[in-house]
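Student: Take this structure first; my questions come after.
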Amino acid sequence: MELPPLVAMVGNPNAGKSALFNALTGARQKVGNYPGVTVERHSGRLALEDGRPVELVDLPGAYSLDPASPDERVTRDVVTGAQAGERLPDALLVVIDASNLDNHLRFAMQLIALGLPVVVALNMVDLAERDGLVLDPAVLERELGVPVVPTVAVRRRGIDTLRGQLTALVGGAPAAAGMRRLRASDGSVDDDIVTLQRRARAIAAAATVSETPVRRWNHMLDSVALHPLFGPVLLVALLFVMFQAVFSWSEAPIGWIEGAFAAAEAWLKGVLPDGFLRSLLTDGVIAGVGAVVVFLPQILILFLFILVLEASGYMVRAAFLMDRLMAQVGLSGRAFIPLLSSFACAVPGIMATRTIEDEKDRLTTILIAPLMTCSARLPVYTIIIGAFIPSRQVLPFVGLQGLVLFALYLLGIVGAFVAALLLRRTVTKGESSGFMMEMPKYQMPRLRDVGLGLWSRTEIFLKRAGTTIALTTVVLWALLSFPQAPAGQRQVDYSIAGRVADGLEKVVRPIGFNHDIALALIPAMAAREVAVAAIGTAYAIDDVEDDAGEQGLVEKLRGRWSLPTALAFLMWFVFAPQCISTIAVTRRETNGWRWPLFMIGYLFAAAYVMAGITYWLAVAAGL
Ligand SMILES: Nc1nc2c(ncn2[C@@H]2O[C@H](COP(=O)(O)OP(=O)(O)OP(=O)(O)O)[C@@H](O)[C@H]2O)c(=O)[nH]1
Ligand SMILES: [Mg+2]
């Protein structure tokens with residue numbers, strides 16, 4: 001039996017090839033595999049206007065004929081006839097995105113230069129028009145020398161015209177077309193990328209009938225923000241600046257807050273007689289709450305960046321950039337927004353997973369959300385970093401402390417991706433779904449909206465500090481203060497809390513944790529930042545005993561912890577699921593205790609192992 005003509009669909013990623021392929025072939029599709037690689041081969045049948053069948057194959061998206069991935073290699077090899085298990089196509093259906101014409105034309109021109117019969121689908125004209133861009137397909141036809149058909153794949157617009165053009169294109173005897181072999185260097189394929197880009201830009205400009213200035217600005221910004229190379233560089237740079245700012249901008253306001261709490265403490269000590277009430281207020285409430293509230297400036301700086309990036313329209317671009325990376329660990333691109341929200345707090349993040357349709361996708365996202373560094377970890381990270389990592393410039397504008405904080409965030413992300421990869425192979429096995437998101441226009445963030453966002457963050461944080469954290473520290477203060485130690489014994493060791501911590505200490509001793517940490521870990525189950533408050537309270541009570549004077553928490557930590565212990569403690573907080581609210585919301589969102597328990601189990605195990613490894617490596621390195 002004679003094979004029907006083969007038409008290959010090629011174009012940049014997200015040009016809409018698959019959408020067009022679905023519109024053209026309907027249900028008549030087959031999924032196979034290219035021999036020797038793990039790239040899927042999607043093919044389908046299409047009936048031409050005269051009734052003859054054509055085989056259509058949907059190739060992976062590529063940016064050029066220089067492959068950067070196995071997918072792109074398959075695309076290049078198919079269109080040059082070098083792919084094992086595939087014949088040379090009789091024609092190419094090149095799909096380009098009308099709203100991103102200059103970038104997509106570059107690859108289209110390389111493909112046209114190969115010399116195969118080509119028809120171009122000018123797809124997504126709906127989005128281009130919505131954004132204020134009107135194109136003239138006739139100019140494109142003239143400049144490119146091939147037929148150009150405007151289409152809207154998702155609305156089936158232009159499908160019949162496209163079929164007509166394909167009928168004309170593969171009109172000849174199919175056998176003859178198969179005989180052709182391509183020459184290695186064909187026309188302008190040899191052109192360097194800069195020349196090609198310049199020509200693509202000129203053609204795009206000539207084909208533009210009208211374009212609003214807003215759309216031109218947006219497009220210019222996007223050609224950097226979504227660029228396959230500059231885009232990720234910009235994203236990492238932005239995140240990096242953000243974490244540096246968290247440290248360098250917060251120094252002064254932290255000083256003011258510390259001053260205010262010290263003044264309040266001094267005032268209370270002046271008006272109250274020495275005794276339990278004074279100890280409760282100064283060692284319990286002020287030491288505990290104060291230790292947490294000093295982090296307000298850093299949390300607000302972090303949120304300032306998140307709010308501005310969101311309001312400016314950049315955040316969706318970041319999600320788009322992350323999509324390919326996410327797909328590689330089996331997550332949907334939709335998981336990006338929930339995961340990003342989890343940098344503020346895992347609770348709204350987990351709630352935001354409701355937009356993920358696929359159950360397994362959603363469950364995976366929920367299970368890894370607590371690994372994103374939430375703002376409650378910031379107090380813990382910053383105090384330990386402040387105490388143990390020297391404040392040194394490693395490069396101009398790059399401080400070592402900011403670098404370590406950045407590394408901790410990165411570690412959380414890497415941990416989450418590794419977890420996702422493992423989960424998707426085991427307990428949440430399944431196909432991952434695609435990404436669909438409209439790009440909003442860039443905007444100047446409105447001062448008022450950003451201000452309101454920051455204000456509501458401040459309210460939430462202070463409310464938490466005034467309720468949960470104050471209460472936990474008061475309870476802890478009581479547990480630390482009773483029973484009273486006889487002379488010669490340390491109060492912290494003798495108290496109820498101290499004895500409970502004795503038990504826990506045996507478990508955490510192998511990973512380098514001391515008695516103080518064991519003591520802090522228990523109340524920190526309520527919320528992570530309580531760990532700092534707990535250490536603050538414990539050391540404040542301890543001070544009454546050994547009269548160490550008015551040392552700051554940072555100096556006390558330096559005196560009592562070794563560097564390996566501090567590093568292990570940081571590592572513990574990257575992984576440990578120390579947050580009752582997160583566990584509660586996971587139970588609610590997964591309808592039962594099975595998944596929250598699984599989450600607690602795997603995260604504690606990871607925390608224990610990672611903290612242990614860190615401790616022993618640091619000890620071995622002689623730190
Ligand atoms: N508004 C609009 N959306 C479209 C159009 N064509 C495709 N889309 C959407 O654009 C997104 C990308 O389309 P795909 O068909 O997956 O793109 P692709 O070229 O196959 O992408 P890769 O396989 O990654 O190379 C999908 O969310 C589509 O629904 C169109 O003409 N108009
Ligand atoms: Mg596709």
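The values are calculated or read from the model by the stated rules, or taken from the named source; none is laboratory data. Computed from a predicted structure; not experimentally measured. Every residue, glycine among them, receives a Cβ derived from its backbone with ideal geometry; neighbour counts consider all protein chains shown. When the accessible area is computed, the model is the full protein with side chains, heavy atoms only, and any ligands, DNA or RNA have been set aside. Shrake-Rupley method; radii C 1.70, N 1.55, O 1.52, S 1.80 Å.
Student: Assuming R0 = 41 Å, what is the FRET efficiency of residue 220 and residue 471, from their Cβ-Cβ distance, to the nearest 0.05?
Tutor: E between residue 220 and residue 471, to the nearest 0.05, is 0.20.
Student: Please list 256, 561, 595 from largest to smallest accessible area, probe radius 1.4 Å, with all protein chains kept in place.
Tutor: 256, 595, 561
Student: So what's the net charge close to residue 464: Lys and Arg +1, Asp and Glu -1, counting the other residues with Cβ under 12 Å from its Cβ?
Tutor: Around residue 464, the surrounding residues sum to +1.
Student: Tell me, in nm to one decimal, what length is gained between residue 441 and residue 257 on full extension, where the rule is 0.36 nm per residue of separation less the Cα-Cα distance?
Tutor: 62.3 nm
Student: Distance in nm between label sites at residue 209 and residue 502, each 7 Å beyond Cα in the beta-carbon direction?
Tutor: Going by the 7 Å Cα→Cβ label model, 8.6 nm.
Student: Here is a further query. What net charge is computed for the residues neighbouring residue 501, neighbours being all others with C-beta under 11 Å from the C-beta of residue 501, Lys and Arg scored +1, Asp and Glu -1?
Tutor: The answer is -2.
Student: If we sort 65-71, 324-330 on the protection proxy, mean other Cβ atoms within 10 Å, highest first, what's the order?
Tutor: The peptides rank, most packed first, as 324-330, 65-71.
Student: Further question: What does the charge count near residue 67 come to, summing +1 for each Lys or Arg and -1 for each Asp or Glu among other residues with Cβ under 9 Å from its Cβ?
Tutor: Residues near residue 67 contribute -2 overall.
Student: For the stretch 14-168, what are Rg and Dmax over the alpha carbons, in angstrom?
Tutor: In order Rg, Dmax, the Cα atoms of the stretch 14-168 give 15.0, 45 Å.
Student: Additional query: Given all pairs of different Cα atoms, what value in angstroms does the Kirkwood hydrodynamic radius of the stretch 213-348 take?
Tutor: By the Kirkwood definition, the hydrodynamic radius is 18.3 Å.
Student: At a 1.4 Å probe radius, which order do 507, 154, 148 fall into by accessible area, largest first?
Tutor: From most exposed to least exposed: 154, 507, 148.
Student: Sorted by accessible area with a 1.4 angstrom probe, largest first, how do 471, 300 fall?
Tutor: Solvent-accessible surface, decreasing: 471, 300.
Student: By what distance, in whole Å, do the Cα atoms of the stretch 468-623 stretch along each of the three principal axes, largest value first?
Tutor: Extents along the principal axes, in whole Å: 52, 40, 26.
Student: Taking only the alpha-carbon positions of the stretch 347-506 and ignoring solvent, what does the Debye formula give for the base-10 log of I(q)/I(0) at q = 0.09 Å⁻¹?
Tutor: With no solvent term, the Cα-only Debye profile gives -0.57.
Student: Oh, and also: Quick one: give the max-minus-min coordinate of the C-alpha atoms of the chain along each principal axis, largest first, in Å.
Tutor: Largest first, the chain extends 104, 49, 45 Å along its Cα principal axes.
Student: Considering the Cα positions of the stretch 122-161, please state its Rg to one decimal place and its Dmax as a whole number of Å.
Tutor: Radius of gyration, then largest Cα-Cα span, for the stretch 122-161: 10.5, 28 Å.
Student: Using only C-alpha positions, report the orientation-averaged shadow area of the convex hull of the stretch 83-160, nm², one decimal.
Tutor: Seen from a random direction, the Cα hull of the stretch 83-160 projects 6.0 nm² on average.
Student: Output needed: percent of Cα pairs per 10 Å distance bin for the stretch 430-530, bins running from 0 to the one holding the longest distance.
Tutor: 13, 26, 20, 16, 15, 8, 2
Student: Additional query: Over the residues of the stretch 15-55, compute the C-alpha Rg and express it relative to 2.2 N^0.38 Å.
Tutor: Compactness ratio reported: 1.31.
Student: Further question: Test of understanding: what is the full-extension gain from residue 66 to residue 429, defined as 0.36 nm times their sequence separation minus their Cα-Cα distance?
Tutor: 127.3 nm
Student: Here is a follow-up. Can you tell me what the convex hull of the Cα atoms of the stretch 269-381 projects to on average, as an area in nm²?
Tutor: Across all orientations, the stretch 269-381 yields a mean hull projection of 9.7 nm².
Student: Given a Förster radius of 45 Å and the C-beta distance between residue 460 and residue 3 as r, what FRET efficiency does 1/(1 + (r/R0)^6) yield to the nearest 0.05?
Tutor: Calculated value: 0.10.
Student: Order of 271-281, 448-458 by packing, highest average Cβ count within 10 Å first?
Tutor: So the peptides 271-281, 448-458, ranked by packing, come out 448-458, 271-281.
Student: Return one number: the angle in degrees, 0 to 90 and rounded to the nearest 10, between the long axis of the Cα atoms of helix 159-169 and the longest principal axis of the Cα atoms of the chain.
Tutor: Approximately 50 degrees, to the nearest ten.
Student: Leaving out ligands, DNA and RNA but keeping every protein chain, what accessible area does residue 598 have, in Å² rounded to the nearest 10, with a 1.4 Å probe?
Tutor: 70
Student: Here's a follow-up. One quarter of the convex hull surface, Cα atoms only: what value does that give for the stretch 450-506 in nm²?
Tutor: Value for the stretch 450-506: 5.7 nm².
Student: Now, a different point. At what distance in nm do the modelled label points of residue 278 and residue 129 sit from each other, each positioned 7 Å from its Cα along Cα→Cβ?
Tutor: The two pseudo-label positions are separated by 8.0 nm.
Student: Count neighbours as other Cβ atoms within 10 Å of each site's Cβ, and list the trypsin sites (Lys or Arg not before Pro) in the stretch 10-118 that are DSSP loop with at most 12 such neighbours.
Tutor: Counting only loop positions with at most 12 other Cβ atoms within 10 Å, none of the trypsin sites (Lys or Arg not before Pro) in the stretch 10-118 qualifies.
Student: Kirkwood Rh and Cα-based Rg: tell me the resulting Rg over Rh for the stretch 549-597, rounded to two decimals.
Tutor: 1.27
Student: Between residue 414 and residue 248, what length in nm is gained on full extension when 0.36 nm per residue of separation is reduced by their alpha carbon distance?
Tutor: Between residue 414 and residue 248, full extension yields an extra 57.2 nm.
Student: Here's a follow-up. Aspartates and glutamates within cross-link reach of residue 30: Cα-Cα under 14 Å, excluding same-chain residues under 8 positions apart?
Tutor: 40, 55, 58
Student: 7 Å from Cα along Cα→Cβ at both residue 49 and residue 514: what's the point-to-point distance in nm?
Tutor: Simple spin-label model gives 8.4 nm for this pair.
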